[in-house]
1. For Asp27 and Ala279 in the same chain, what is the full-extension length gain: residue separation times 0.36 nm, less their Cα-Cα distance, in nm?
2. Report the percentage of all Cα-Cα pairs in the range 319-405 whose separation exceeds 23 Å, rounded to a whole percent.
3. What is the gain in length, in nm to one decimal, between Glu420 and Glu62 on full extension, counting 0.36 nm per residue of separation less the C-alpha to C-alpha distance?
4. Please give the FRET efficiency for Arg406 paired with Asp41, using the beta carbon to beta carbon distance and R0 = 41 Å, rounded to the nearest 0.05.
5. Could you tell me the accessible area of Met24 in Å² (1.4 Å probe, neighbours in place), rounded to the nearest ten?
6. Counting heavy atoms of the protein chains only and a 1.4 Å probe, report the per residue accessible area for the range 303-431 as a whole number of Å².
7. Roughly to the nearest percent, how much of the accessible area of the range 229-339 is carbon and sulfur, given a 1.4 Å probe?
Amino acid sequence: MTPTATAPEERAAPWAAALWHAVMAGDEPTAADTALAALEDGLDAECVLLDVIGAVQRRVGEEWAVNNLTVAQEHAATAINERVIAALSRMPREAPAPHRLRDTPASYRLGEIPAPYRLGDTPAPHRDDTPPGTRAPCGPHAPSGPHAPSGPDASSGTWAPTGTSAPSGTPARARITVACVDGEWHALPARLLAEVLRLRGWRVDFLGAQVPTAHLIAHLHRTHADAVALSGSLATRLPTAHAAISACRAAGVPVLAGGAAFGPGGRHAELLGADLWAADARTAAARLTEGPPLRPPGAPSADEPLKHLLDQEYTLISRSAPQLVRATLAGLRSRFPALLDYTEAQYQHTADDVAQIVAFLAAALYVDDSGLFAAFGRWTAAVLAARHVPVESLLHALDVLRAEVRDFPRTTAMLVEAHEAVRTSQGGAGE
């Protein structure tokens with residue numbers, strides 16, 4: 001890769017900082033102006049989406065985890081970021097002369113931009129003398145928009161998207177459905193991917209958060225999609241993701257999986273039968289352009305690696321989750337006396353935490369990954385410590401739960417490993 005004078009993240013960082021301040025102030029007009037001004041300053045649209053808006057959204061999650069933001073503030077920030085993306089997607093073909101923040105003409109403000117103009121059709125000019133129609137790239141990705149190279153010849157068998165007006169003999173523009181796993185509410189990462197794919201020439205159907213699998217499959221049959229990008233942030237959705245992946249592939253549609261739910265390196269994506277996995281939107285766009293790998297004849301079914309489920313531990317834990325939560329809370333009352341002095345709100349938070357512990361335990365059992373549950377334990381300990389909740393309560397909860405499932409060897413081993421991970425983590429120090 002040819003080095004550039006300024007790294008993409010360095011060029012985007014000042015704009016991300018400006019957007020962060022606008023979002024934290026709840027100032028939606030300035031947030032939209034900031035993103036548009038970043039385009040005028042020479043950042044390309046993909047960079048603004050991923051390295052400015054995406055960076056701010058990641059920081060929102062990080063600040064919530066360390067208790068610097070409330071849930072309400074997190075939701076408000078996410079909503080503003082979503083509307084900034086919408087403003088960018090309605091950007092005019094020809095931007096007006098560069099303007100100062102807060103001096104945006106009314107016709108160029110959020111919600112008043114002509115709908116037919118799409119992000120990436122024709123880039124806005126730079127502040128310098130760069131000819132119109134060019135844009136300094138902010139990362140190692142392929143050109144986008146109608147001036148980008150078309151896909152390979154149809155005889156190549158690939159499914160790369162082509163430009164808006166494909167020459168005769170080239171394949172039709174590929175169509176992809178982007179959706180979140182049923183039960184997954186974190187839709188902004190999927191929305192960013194959808195916009196990046198549109199920039200790169202794909203026809204995109206973005207279905208949003210928590211899409212029931214039956215409705216997803218009906219949509220695929222109706223639209224004849226060439227691929228599905230399935231997003232999941234929480235590991236507790238992995239069993240549902242598996243059902244969706246299996247149903248899509250049974251319908252003849254390859255699946256790209258993405259999101260933190262699928263584990264480091266996407267190890268759970270392959271386990272659950274996904275054709276492709278990507279850690280971020282740029283990688284996802286590149287992988288989709290390459291096309292899905294061909295599965296050799298006689299390849300094992302996607303369910304073959306899941307034969308550990310035959311021990312029924314996942315099924316029994318998931319079905320008895322409500323009883324396990326109640327039993328764990330009852331045990332905590334005797335082992336952790338401070339619980340008796342909790343307010344109703346504090347007790348409800350504790351009940352929610354125990355329910356999450358059981359849910360993540362079930363997910364770890366489903367994919368047979370004890371590291372998943374141990375990592376969740378460490379993360380929970382850090383979140384509790386940031387909220388001045390004694391991590392001792394988490395250790396007691398794991399101990400009580402272990403006593404309840406003592407007849408399940410895989411489950412017991414995971415609880416032992418998680419207890420040790422929490423105890424030795426920074427949050428668990430001093431137990």
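1. Details: separation 252, 0.36 × 252 = 90.72 nm, distance 3.08 nm.
Length difference between fully extended and current span is 87.6 nm.
2. On the way: 624 of 3741 pairs.
Of all Cα-Cα distances in the range 319-405, 17 percent exceed 23 Å.
3. Value of the extension gain: 126.4 nm.
4. Working: r = 61 Å, r/R0 = 1.50.
The value I calculate is 0.10.
5. Answer for Met24: close to 70 Å² accessible.
6. On the way: 6540 Å² over 129 residues.
Per-residue accessible area for the range 303-431 comes out at 51 Å².
7. Details: 2990 of 5170 Å².
Answer for the range 229-339 is 58 percent, counting heavy atoms of protein chains only.
The values are calculated or read from the model by the stated rules, or taken from the named source; none is laboratory data. The model shown is predicted, which means the values in this text are computed figures rather than measured ones. Backbone-built Cβ (ideal geometry, glycine too); neighbour counts: all protein chains shown. Just the protein is used for accessible areas: all its heavy atoms, side chains included, with ligands, DNA and RNA removed. Shrake-Rupley method; radii C 1.70, N 1.55, O 1.52, S 1.80 Å.
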